[in-house]
Amino acid sequence: MRPTRLTAVASLPIVALLLAACATPQPQAVAPPAAPAPAAAEPRNAVLLLSDADGKTGRVVVTNQAGSRTLDRAGTATRILDAATAPTEPAAMDAAEIEATFGAALSAQPPAPRHFTLYFEQGSTTLTPGSRGEVPVIVETVREYASVDTSVVGHSDTSGDARTNMELSLRRALAVGALLTAGGIDPGALDITSHGEADPLVPTGDNVAEPKNRRVEVTVR
């Protein structure tokens, strides 16, 4: 029998464990964990250009201390990160994003004003037949809007002298106001004024009978 061989084999693991336990730890160079890449900052503000109720598009200049952008096409927007970063190049904003970003604001807007033009026989306060049929529509629109600010503005052509035309245009506006009141509209909701011949729809020379200038313009807000 050779017990010494067996003892040596059995003792090796014990020695190894002790050495590992008693060994002085050596410093290790450990690389710090990589910092995550910073997320791109999202712009905090956006300016969107939309057409007005008549389909017309204006022009807006968006400016901060770092630069400016011009919006002149409906449906385009520029975005602003902060005061020290120039607004972004104008770009189209799709309908889904417009709804998500501006839907609440758009739905809170009052309805767009409604415009009506009533025409008159020459030299009188008598409405043309076609314009008489518009009066009930105006009355219904004032009620629908619950309007407290409906303007009624009288006009004339250049036939006759300017003073006479001013008086005539006012009488036309008052006549329309009386028709609206007769339809149940509160007179206090009407703002009645006149421009005489000073604001023609169709520019003409003096003493020209122009049917489109003999009118009353009604705007319901």
Exactly one condition in (1) more than 30 Å from Ser147 (Cα to Cα); (2) at pLDDT below 90 is false for Leu81; which is it? (2)
Go through segment 135-173 and give me each residue that's acidic (Asp, Glu) and touching a residue at least 60 places away in the same chain (Cβ under 8 Å). Asp149
Among the residues that make up segment 150-171, is at least one of them under 30 Å from Pro110 (Cβ atoms) and among the charged types (D, E, K, R)? no
Picking from Arg214, Arg171, the residue that is open to solvent by 50 Å² or more (accessible area, probe 1.4 Å) and either charged (D, E, K, R) or touching a Phe, Trp or Tyr at 6+ places or on another chain (Cβ under 6 Å) (or both) would be Arg171
Restricting to segment 56-90, give me the number of residues that are within 16 Å of the chain's Cα centre (by Cα), within 16 Å of Pro43 (Cα to Cα) and open to solvent by 50 Å² or more (accessible area, probe 1.4 Å). 1
Considering only segment 98-108, I want to know if a residue exists there that is surrounded by 15 or more Cβ atoms within 10 Å (Cβ to Cβ), modelled with pLDDT under 95 and closer than 27 Å to Ser51 by Cβ. yes
Hey, can you tell me all the residues within segment 90-143 that are of a type in the set (Lys, Arg) and within 18 Å of Val216 (Cα to Cα)? Arg114, Arg132
Against the definition (open to solvent by less than 50 Å² (accessible area, probe 1.4 Å) and within 28 Å of Asp54 (Cβ to Cβ)), how does Thr141 come out, yes or no? yes
When the residues of segment 109-134 are narrowed to those that are farther than 30 Å from Thr204 by Cβ and free of Cβ contacts under 8 Å to residues at least 40 places away in the same chain, which ends up most open to solvent (accessible area, probe 1.4 Å)? Gln109
Selection count where residues are open to solvent by 50 Å² or more (accessible area, probe 1.4 Å), in contact with a strand residue (DSSP E or B) (Cβ under 9 Å, 6 or more places away or on another chain) and of a type in the set (S, T, N, Q), scope segment 174-211: 2
Take the residues in segment 14-48 that are under 18 Å from Ala86 (Cα atoms) and either at pLDDT below 50 or aliphatic (A, V, I, L, M) (or both); name whichever of them is surrounded by the most Cβ atoms within 10 Å (Cβ to Cβ). Leu48
Need at least 3 residues that are under 30 Å from Ser156 (Cβ atoms) per element, so show me which strands (runs of 3 or more DSSP E) inside segment 53-130 make the cut, counting only ones lying wholly within it. 114-119
Residues located in segment 162-200, provided they are over 16 Å from Val152 (Cβ atoms) and of a type outside the set (D, E, K, R): Ala162, Thr164, Asn165, Ala198, Pro200
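The values are calculated or read from the model by the stated rules, or taken from the named source; none is laboratory data. A quick note: this is a predicted structure, and the numbers were derived from the prediction, not measured. Backbone-built Cβ (ideal geometry, glycine too); neighbour counts: all protein chains shown. Accessible surface areas use protein heavy atoms only, side chains included; no ligands, DNA or RNA. Shrake-Rupley method; radii C 1.70, N 1.55, O 1.52, S 1.80 Å.
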